[in-house]
1. Report I191's accessible area, 1.4 Å probe, all protein chains in place, as a number in Å² to the nearest 10.
2. Largest first and in whole Å, give the semi-axes of segment 320-456's equivalent ellipsoid, each being the square root of 5 times a Cα gyration tensor eigenvalue.
3. For q = 0.25 Å⁻¹, what log10 I(q)/I(0) does segment 292-359 give under the Debye formula with an equal point scatterer on each alpha carbon and no solvent?
4. Output ³J(HN,Hα) for segment 260-275: one whole-Hz value per residue in order, computed from phi by the Karplus curve 6.51 cos²θ - 1.76 cosθ + 1.60 with θ = phi - 60°, and x for Gly and Pro.
5. Near the amide H of L413, under 5 Å away, which other amide H atoms are found, from residues 5 or more places off or on another chain, if H is placed in the peptide plane?
6. Give me a comma-separated list of calculated 3J(HN,Hα) values for segment 458-475, in order, Karplus coefficients 6.51, -1.76, 1.60 applied at θ = phi - 60°, integers in Hz, x for any Gly or Pro.
7. Taking 0.36 nm per residue of separation and subtracting the Cα-Cα distance, what length does fully extending K54 through E175 add?
8. Is the C-alpha gyration tensor of segment 361-414 telling us rounded, prolate or oblate? Criteria: a/c under 1.5 is rounded; beyond that, a/b larger than b/c is prolate, otherwise oblate.
Amino acid sequence: MKKILLYNWVQFDDEEKRGGGVTVYIKNLIDHLLKDERNEIYFLSSGMAYDLKKTSMRIEATHNIYEGTGRCHSFEVVNSPVLSPSSAQFHDLEVYLNDQSLYQLIKKFIRSIDGLEVIHFNNLEGLSINVLNIKEDFPGLNIVFSLHNYFPFCPQVNLWWKEQMNCIDYKNGSECIDCVGWIDQSYEKQIRAFGYYYDHSDKKIPKNKYIFRLRTKRKIINILKTRKIKVQIPRHVIYPKTYTCFRNKNIELINKNVDHVLAVSERVREIAIKYGLEEKKVVTSYIGTKVAEHQKLPVKRKKDGEILNLVYMGYVRRDKGFFFLLDALKCMEETISKKIKITFATRTDDPFVLNELNGLKSKFAGIVRYDGYDHNSIAKILKGKDLGVIPVLWQDNLPQVAIEMASFGVPILTSDLGGAHELSGSGYFVFKHGDIDDFIEKVRYILENRDVIEEYWVKYKGLTTMEEHINEIKKFYFK
């Protein structure tokens, strides 16, 4: 039996779907690993479970959707000194850097799994960096670390400064001090304890109603806090060197103890090496996705002169380029805009955003909006679309939405940041991030030269299926 331990800060089958695409990926990974009856999976999470009645730190078994196989065992660290996700720990990095208790706990846990061959860390959020020193105690253990984000270099994980711009120079930590707002950790632990007690209760209240009450309580407390004090005063002095130490120690211990670093895109690999990870250890490994297994043929190219259907799917966030896109569309000449129809699949109730979208209706051939999207609606949304738009303003690793669009045969116009543009080698579908003129010019060119869409697919690199990913990752798992 090949024993594999996977780590993520939240459980892979989390009912609240926290952790986004990484959580989905781990669930798919476990699902496919279990198809081989020689594999036995152990899963660990940390930083989410808190018991305020019994405050000792410990590891407890949890239930999971695959436990019926007898080969999938899940656990969580209760009362971790490091909160997750990482944003909750942003101003308390000293604990992350210096704590030894998690290292001792994880070491004991590993010893309890007889014959464990590999640990696959999908992040270190909820743990302390010294956990990586287990390599010294178990030199035969294979340690794999996936870079789904930039956590080793940025405790906010996305190198996005003050919700304003791509961070390319942290100035030895001085830019980090007030990059993220303060978080009340005692309050966060209370909220997490609320969920922990539910999981250990008789569960007379349905989980969805319980979670609703939890979220309502959270909103009420936040409103009261906002009314009471407009500015949250820091609890202690933060020094720039703390963030310098954070980056340096992460790089040092990853280089020292991790056998393989898997970057989810070539851009992520470039950034990781630039910041100091050993080049020979960092490998580009595109994650496998289920949608790749049913990839549709490219959308049939329309003739010149016909309406060009664009689609934006995802978050109403500045870093995702949503507001850049709004500005660009408002600047577009009507000789172009009247030949374009745009669909937005964005979940929002922001009056400003809704008003902005309504204001575009008179300028374009059509503006259609869906309140977000899911796997049941994505086929309908992407049907008949000629071009997807991913205008990210940060080094977005490899957006799930890019994979989804390509899987439905929709080519993508993307900024030059992140990994989305790696799906095709065609330069006609990449524009300079934040450059409205360049974006409009690329749209105009595609509008007037429909033949160029074929080049996207000629230079298309394809998506990675879960089966292909499993075959690749086994090479890193087992020596």
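1. The accessible area comes out at roughly 10 Å².
2. Ellipsoid semi-axes (Å, largest first): 21, 18, 16.
3. For the requested q values the scattering log ratios are -1.19.
4. 9, 9, 9, 8, 7, 7, 5, 5, 4, 4, 4, 5, 4, 5, 4, 7
5. For L413, the qualifying residues are G388, V389, I390.
6. Computed from phi, the couplings for segment 458-475 are 4, 9, 6, 8, x, 9, 9, 7, 5, 5, 5, 5, 4, 4, 6, 6, 4, 5 Hz.
7. Working: separation 121, 0.36 × 121 = 43.56 nm, distance 3.85 nm.
Gain on extension, K54 to E175, equals 39.7 nm.
8. On the way: a/c = 1.68, a/b = 1.23, b/c = 1.37.
Cα axes put segment 361-414 in the oblate bin.
The values are calculated or read from the model by the stated rules, or taken from the named source; none is laboratory data. All values reported here derive from a predicted model rather than from experimental measurement. Please note: Cβ atoms are built from the backbone with ideal geometry, for glycine as well, and neighbour counts cover all protein chains shown. Side chains included, ligands, DNA and RNA excluded: accessible areas come from the protein's heavy atoms. Shrake-Rupley method; radii C 1.70, N 1.55, O 1.52, S 1.80 Å.
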